[in-house]
Every structure is written in C-alpha cells, then in structure tokens.
Amino acid sequence: MAIPSPPNLFSPERMNQLMAFDRLLTIMDDLREKCPWDKKQTLESLRHLTIEETYELSDAILEGDMQEIKKELGDIMLHMVFYSKIGSETGDFDVSEVLHAISEKLIARHPHIYGDTKVENDQDVKENWEKLKLKEKGNKSVLGGVPNSLPALVKAMRIQEKARGVGFDWEEKQQVWGKVEEEMQEFKEHFNAETAETIDAEKAEAEFGDLLFSLVNYARFIDLNPETALERTNKKFIKRFQYLESKAKDLNKNLADMTLTEMDVFWEEAKGM
C-alpha cells in the first residue's frame, strides 16, 4: 500500500488547519523574540508547566467538558511548538523534523496499514506495536520503555501491558481474580484487621503493594482503566465532602465540632444527588 505524502492541492478544511498552525508558529516566533518571559524559557523551565497542562486536560476529559478540552489542547499544542522553537534555536531539531519523525514512526508502527502485515483485532495491533517498539529502540528489556517517573498506578498498568505484548499474561480473568484473593490473604496474614495492629509493617507494605498490583491487573483484564476509576472516585468524594462542608456552614458549624452521626446524614444526602 502506498505511503501517504503531502498532496499538491489542499482541501479548504486542510488549508484552514494549516493556516491556523502557521499562525501559532508565527506568534511563537514573535513571543520568543520580543517577550521577556518567553525569551527566558528553557526545556527544563517548561517541563513542570507541561505536566500541569497535561493533568488539566485529563481533568477536562473526565468532566466531559468539550470546550475545556479544546482550551487545554491549545495549551498543550503551544508547549509542543515552544519546545520545537527552542530546539530550532539550538540547532537540534525544528517543528518540521518533529512532525516528520512522528509521521514516519506511525507509518512504521502500522505495517497492517502501510505494509503487508495481517491483523485480526486491536489486540494484535497492540502486541505488534510493542514488538516493533522493542526492535526499534534496541531495549534489552521489554519493560525498558516504561518511564521511571510515571505515577505508580499508571506504571503498574504499563508494565502489565508491555508484558502482555510478548505473551506473558494470564489466560482467563478468573485466574487473575484468584491472584487478587491470594494477595489479599497474604496481606491479611501481616495485618490484623480486627485490632488494626500491624504485625510486620515492612511485610504488610510489600503485600499491600502486591495486592494493588493484582487489582490493577484484574482491572486491565476486564478493560477498566484503574487510574481513571480511582480519579473518578476521588472526584466523587470531593463533591460529596464539599456538600458536607456547605451544609455544616449553613448550620454555622465547623466540621470538627460535628459528630460522625451528624456528618453521615449529609453524606447520605450527597450520595443521593
């Protein structure tokens, strides 16, 4: 199958997209030349801001707020252009090289579209992607591509996905749930649930980690994203707790002065909303 190349004539929609991107590139050039703050920025100084913008996009996606998603995508696009501008100033790369590089990678990673590879489903695509990635990067380990700085819950998911990509995985979800129950029992052996007395803190922590890892594995096996699930629960708790705070304020009370029974009345109200 032919590999796509830029057409000689663009559709009005594509021309509008290209003009919008050109406008952003032009503004970035101006800001880098004229704005004191923009002139000072480096790859390192932008890094934490990019991470923050990514989490803001994640929040907008979970809220299903399309206008906010559009806004946050613009912020992230700005950061990508900013990094590319800095790269062009150091002579390491420019935005065209960045875009061509990702295009070439997408073509190479989709041989079932741009080559002769046959796939049956999306799982075949994922497994082939991981194999190609491993071959391209020359990693000594399948897990070498998992970033060290990923949050632990996300990292657990990615580790398991990569292991699955080379066939190291359970066959049935019942087996995975059996592992969850096994890890729960091992954790309980190091923690007395009735007295809350830790028998061996170090071993209990290790077993709790194993339990979480197995729960992430089960979530993955039934097509649930554990990070998304936990964040939705976080948001649900925040919403209910803030309702509780507002009700306490209506009564001219501080939460610390209320009994758990009093607070539970409003908590149940919040759950019903």
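The values are calculated or read from the model by the stated rules, or taken from the named source; none is laboratory data. This structure is a prediction, so every number in the text was calculated from the model and none was measured. Backbone-built Cβ (ideal geometry, glycine too); neighbour counts: all protein chains shown. When the accessible area is computed, the model is the full protein with side chains, heavy atoms only, and any ligands, DNA or RNA have been set aside. Shrake-Rupley method; radii C 1.70, N 1.55, O 1.52, S 1.80 Å.
With 21 Å as the limit, the listed pairs K39/K105; K105/K131; K173/K203; K71/K133; K135/K162; K188/K271 have K39/K105; K173/K203; K71/K133; K188/K271 beyond it between alpha carbons. Only Cα pairs under 8 Å and 6+ residues apart enter the sum, and on that basis the relative contact order of region 73-196 stands at 13 percent.
The chymotrypsin sites (Phe, Trp or Tyr not before Pro) of region 208-273 include none that DSSP puts in a loop with a beta carbon having at most 11 other beta carbons within 10 Å.
Each principal axis of the Cα cloud of region 145-273 was taken in turn, and the coordinate range along them, longest first, works out to 60, 33, 30 Å. The alpha-carbon positions of the chain define a convex hull whose volume is 255 Å³ per residue. Magnitude of the charge dipole for region 166-231, about its Cα centre and with charges confined to Cβ atoms of Lys, Arg (+1) and Asp, Glu (-1), is about 200 debye. Amide H contacts for F191 (H built 1.01 Å from N in the peptide plane; partners 5 or more residues away or on another chain; cut-off under 5 Å): I199.
When only alpha carbons are used to place a centre, region 144-179 and region 90-104 end up 32 Å from one another. Other residues with beta-carbon under 13 Å from the beta-carbon of I27 carry, at +1 per Lys or Arg and -1 per Asp or Glu, a net charge of -1. Secondary-structure-derived ellipticity at 222 nm for the chain, considering helices only, amounts to -24000 deg cm²/dmol, per-run term -39500 (n - 2.57) for DSSP H runs with n ≥ 4.
Taking region 22-96, which chymotrypsin sites (Phe, Trp or Tyr not before Pro) meet the DSSP loop condition and have no more than 15 other C-beta atoms within 10 Å? The qualifying sites are F93.
How much of the accessible area of the chain, in percent, comes from carbon and sulfur atoms when a 1.4 Å probe is used? Roughly 56 percent, rounded to a whole number. For region 18-130, the relative contact order is 17 percent, taking Cα pairs closer than 8 Å that sit 6 or more residues apart in sequence and dividing their mean separation by the residue count. Here, region 37-149 yields an orientationally averaged convex hull projection of 9.9 nm² when only Cα atoms define the hull. Dipole check for region 72-127: with +1 at the C-beta of Lys and Arg, -1 at the C-beta of Asp and Glu, and the Cα centre as origin, the magnitude is about 80 Debye. Listed values for region 240-256 are Karplus-derived 3J(HN,Hα) couplings in whole Hz (6.51 cos²θ - 1.76 cosθ + 1.60, θ = phi - 60°), namely 5, 5, 5, 5, 4, 5, 5, 5, 5, 5, 4, 8, 6, 10, 9, 4, 4, and x replaces Gly and Pro. Near Q242, once Lys and Arg are set to +1 and Asp and Glu to -1 for all other residues with Cβ below 14 Å from its Cβ, the sum equals +4. Residue-wise HN-Hα couplings along region 68-75, as the Karplus relation 6.51 cos²θ - 1.76 cosθ + 1.60 with θ = phi - 60° gives them from phi, are 6, 4, 4, 4, 5, 4, x, 4 Hz; Gly and Pro carry x. Helix 260-271 and the longest principal axis of the Cα set of the chain meet at an angle near 40°.
Over the chain, Cα pairs under 8 Å with separation of 6+ residues give a relative contact order of 11 percent. Summed over the residues of the chain and divided among them, the accessible surface reaches 72 Å² per residue at a probe radius of 1.4 Å. Of all the options T259, T228, T90, the one that moves most in a Gaussian network model of the chain with Cα springs shorter than 10 angstrom is T259.
Helix 43-63 and the longest principal axis of the Cα set of the chain meet at an angle near 60°.
Once you sort the root eigenvalues of the Cα gyration tensor of region 113-163 as a ≥ b ≥ c, which label holds: rounded (a/c under 1.5), prolate (a/b larger than b/c) or oblate (the other case)? Oblate.
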